[in-house]
Amino acid sequence: VLSISDLLLLVCNFFMLIFPVIASMSNNYLLHDYYPVLLWFAYPVGLSTQTCGVYLTVLVSVHRYLGVCHPFRAKRWVSGKPVKWAIIGSIVFSIVINLHTWLELDYRTCYSTSFHGPLRFIILTPLRNNDMYNLITKVFMYTLLMFVIPFMTLIIVNCRIVVALKESTRMRNGQSMKKNTQS
């Protein structure tokens, strides 16, 4: 699921970052006319897949943490059904948390002097131009949900994994020393 999410993100990034440049540098009417529609669709889908990729990565680390630090409990928690529900939850969370981005861009048809006819253009909606909206969604919400929570979770679970592995190695080395002294 993480691979699919990353692949979809790469495709969306192409339509958000590269395709508009190609379209604007070409003299092709169809490229100019369709890139606003593709960008309007790729932007929210790309943000959702980015969120999904971040949280699936966190889920993989938590899964690894449970397997290393709580191996007996992990049999119950990391079996098929709970893992499927965690993945489904991550996907649903990613879509829901990015629903508002569908309302940030729009496209309009205007007369193009270059092509002497109607042509679609991408525009920012009044919502996306609202300073309070941008402060809440782009600064606070994005920072908290896409950086602080995932990063802190990764730091905590990975530190605990390292400590558990060092302790396991120390205990194993202590056991092998006892066997060597008894021989």
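The values are calculated or read from the model by the stated rules, or taken from the named source; none is laboratory data. In this text, all values refer to a predicted model and were calculated from it rather than measured experimentally. Reconstructed Cβ throughout: ideal geometry from the backbone, glycine too, with neighbour counts over all protein chains shown. Ligands, DNA and RNA are stripped out before the accessible areas are found, and what is left, the full protein with its side chains, is counted by its heavy atoms. Shrake-Rupley method; radii C 1.70, N 1.55, O 1.52, S 1.80 Å.
Tabulated data
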item: Per residue solvent-accessible surface (Å²) - the chain, probe of 1.4 Å; result: 67 Å²
item: C-alpha long axis of helix 29-69 to longest principal axis of the chain, angle in °; result: 10 degrees
item: With every protein chain in place, region 24-183: carbon and sulfur % of accessible area (1.4 Å); result: 69 percent
item: Percentage, to the nearest whole number, of Cα pairs in the chain over 20 Å apart; result: 67 percent
item: Accessible area (Å², 1.4 Å probe, nearest 10) - residue 37; result: 40 Å²
item: Accessible area of residue 63 in the full protein assembly, 1.4 Å probe (Å², nearest 10); result: 80 Å²
item: Fully extended contour minus Cα-Cα distance, from residue 141 to residue 165, at 0.36 nm per residue; result: 5.2 nm
item: Estimated [θ] at 222 nm from DSSP helical runs (n ≥ 4, -39500 (n - 2.57)) normalised by residues in the chain, nearest 500; result: -23000 deg cm²/dmol
item: Highest-MSF residue in the chain out of 59, 154, 17 [GNM, Cα springs under 10 Å]; result: 17
item: Tally of Lys pairs whose C-alpha atoms are under 25 Å apart, taken over the chain, 8 or more apart or cross-chain; result: 4
item: Point-to-point label distance, residue 69-residue 122, nm (Cα→Cβ direction, 7 Å offset); result: 4.1 nm
item: Cα-based convex hull, region 23-121, per residue volume (Å³, whole number); result: 109 Å³
item: Exposure of residue 171 as accessible area (Å², to 10), given a probe of 1.4 Å and all protein chains; result: 110 Å²
item: For region 49-94: Kirkwood Rh in Å [reciprocal of mean 1/r, alpha carbons]; result: 10.8 Å
item: For residue 112, residues with placed amide H under 5 Å, excluding near neighbours; result: 117, 119
